[in-house]
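K.L.:
Below you'll find the structure I mean.
The values are calculated or read from the model by the stated rules, or taken from the named source; none is laboratory data. Bear in mind the structure is a predicted one, so any value in this text is a computation, not a measurement. Cβ atoms come from the backbone with ideal geometry, glycine included; neighbour counts cover every protein chain shown. Note: areas computed on protein heavy atoms with side chains; ligands, DNA, RNA excluded. Shrake-Rupley method; radii C 1.70, N 1.55, O 1.52, S 1.80 Å.
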Amino acid sequence: MNEKELTLAAEDTEDLEIISARLQDAVAQVKDLVWLPKSRRFAALFNRFKWEESAGKKSGGDLRVRAGLYFNDVLSVQSQNIRKDARDAVMSLLAIRFTPKGEGDPAGTVELVFAGGASIRLDVECIDAGLTDVSGEWAARGRPDHDRA
């Protein structure tokens with residue numbers, strides 16, 4: 001196998017932008033998005049489209065891999081337009097953004113933006129995140145297409 005396991009850490013906005021790019025078009029079920037308040041941790045499992053393996057390809061041979069994402073030092077979590085009772089519903093991640101509380105302040109809000117107007121906001125003391133591939137890769141059923149009307 002020619003699998004390349006990805007492991008990334010984020011401690012600032014630039015690092016988080018790299019994780020966001022790697023997770024663009026990743027899908028997860030609602031039940032795989034978990035806040036652990038006693039541990040002050042938010043964790044999620046995604047099926048990540050391996051854009052880094054698809055660069056320059058037209059189509060075909062595209063891959064996905066299961067990946068774990070975590071944020072530490074999470075003080076609170078709020079969600080919008082997510083039906084928590086639909087635990088098997090699949091959500092597509094578009095981006096991860098960070099907004100600091102003030103100029104130079106490490107504390108702020110991490111927002112996970114999903115298709116369909118859904119979002120999760122994490123109030124964090126600082127950016128302390130990681131992304132790790134946790135499975136072997138498999139053939140993707142299709143390639144995400146942002147040009148469709």
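K.L.:
Could you please give the count of residues in the range 1-49 that are assigned to a loop (DSSP other than H, G, I, E, B) and crowded, with 18+ Cβ neighbours inside 10 Å?
P.N.:
So the answer is 2.
K.L.:
Another question, if that's okay. Are any of the residues in the range 50-72 farther than 17 Å from residue 140 by Cβ, open to solvent by 60 Å² or more (accessible area, probe 1.4 Å) and in contact (Cβ under 8 Å) with a residue 24 or more places away in the chain? Before the answer, list the steps.
P.N.:
So in the range 50-72, the residues farther than 17 Å from residue 140 by Cβ come out as 68-72.
Cutting the leftovers down to open to solvent by 60 Å² or more (accessible area, probe 1.4 Å) gives us 70.
Add one more test, that the residue is in contact (Cβ under 8 Å) with a residue 24 or more places away in the chain, and what stays is 70.
Within the range 50-72, one or more residues are farther than 17 Å from residue 140 by Cβ, open to solvent by 60 Å² or more (accessible area, probe 1.4 Å) and in contact (Cβ under 8 Å) with a residue 24 or more places away in the chain.
K.L.:
Something else now. Go through the range 79-96 residue by residue and tally those that are touching a residue at least 60 places away in the same chain (Cβ under 8 Å) and farther than 24 Å from residue 144 by Cα.
P.N.:
Total meeting the criteria: 0.
K.L.:
Return the residue satisfying two criteria in turn: it lies in the range 95-147 and is basic (Lys, Arg) and closer than 22 Å to residue 53 by Cβ, and of such residues it is modelled with the lowest pLDDT.
P.N.:
143
K.L.:
Considering only the range 26-49, state which residues are touching a strand residue (DSSP E or B) at 6+ places or on another chain (Cβ under 7 Å), under 23 Å from residue 141 (Cβ atoms) and at pLDDT 95 or above.
P.N.:
Within the range 26-49, 26, 27, 28, 29, 30, 32, 33, 44, 45, 46, 47, 48 qualify.
K.L.:
Let me ask you something else. Kindly indicate whether any position in the range 85-94 is over 28 Å from residue 140 (Cβ atoms) and either in contact with a His (Cβ under 9 Å, 6 or more places away or on another chain) or surrounded by fewer than 17 Cβ atoms within 10 Å (Cβ to Cβ) (or both). Lay out the reasoning, then the answer.
P.N.:
As a first pass, look at the range 85-94 and keep what is over 28 Å from residue 140 (Cβ atoms): 85.
Filter once more, keeping what is either in contact with a His (Cβ under 9 Å, 6 or more places away or on another chain) or surrounded by fewer than 17 Cβ atoms within 10 Å (Cβ to Cβ) (or both): 85.
Scanning the range 85-94, I find at least one residue that is over 28 Å from residue 140 (Cβ atoms) and either in contact with a His (Cβ under 9 Å, 6 or more places away or on another chain) or surrounded by fewer than 17 Cβ atoms within 10 Å (Cβ to Cβ) (or both), so the answer is yes.
K.L.:
Also, I was wondering about something else. Just need a number here: residues in the range 121-136 that are closer than 20 Å to residue 32 by Cβ and open to solvent by 50 Å² or more (accessible area, probe 1.4 Å).
P.N.:
Residues in the range 121-136 being closer than 20 Å to residue 32 by Cβ and open to solvent by 50 Å² or more (accessible area, probe 1.4 Å): 2 in total.
K.L.:
For a quick check of your reading of the model, give me the residue pairs whose first member lies in the range 97-114 and is basic (Lys, Arg), whose second is open to solvent by less than 70 Å² (accessible area, probe 1.4 Å), with beta-carbon atoms closer than 6 Å and at least 6 apart or on different chains.
P.N.:
These pairs meet every condition: 97/111; 101/107; 101/108.
K.L.:
Tell me yes or no: at least one residue of the range 138-149 is crowded, with 17+ Cβ neighbours inside 10 Å and either assigned to a strand (DSSP E or B) or of a type in the set (Asp, Glu) (or both).
P.N.:
Checked against the condition, which is being crowded, with 17+ Cβ neighbours inside 10 Å and either assigned to a strand (DSSP E or B) or of a type in the set (Asp, Glu) (or both), the range 138-149 yields no hits at all.
K.L.:
Take the conditions among the aliphatic types (A, V, I, L, M), buried (at least 17 other Cβ atoms within 10 Å of the Cβ) and in a strand (DSSP E or B) and apply them to residue 75. Does it pass?
P.N.:
Criteria not met by residue 75.
K.L.:
Those residues that are assigned to a strand (DSSP E or B), closer than 12 Å to residue 81 by Cα and open to solvent by 20 Å² or more (accessible area, probe 1.4 Å), I need them from the range 99-120; list them, please.
P.N.:
The one that is assigned to a strand (DSSP E or B), closer than 12 Å to residue 81 by Cα and open to solvent by 20 Å² or more (accessible area, probe 1.4 Å): 113.
K.L.:
Quick check: is even one residue across the range 82-96 in a loop (DSSP other than H, G, I, E, B), more than 14 Å from the chain's Cα centre (by Cα) and of a type in the set (Asp, Glu)?
P.N.:
Just the residues of the range 82-96 that are in a loop (DSSP other than H, G, I, E, B), to begin with: 82-89.
Now drop any that are not more than 14 Å from the chain's Cα centre (by Cα), which leaves 82-89.
If we keep only those that are of a type in the set (Asp, Glu) too, we end up with 85, 88.
Looking for residues that are in a loop (DSSP other than H, G, I, E, B), more than 14 Å from the chain's Cα centre (by Cα) and of a type in the set (Asp, Glu), one finds at least one in the range 82-96, hence yes.
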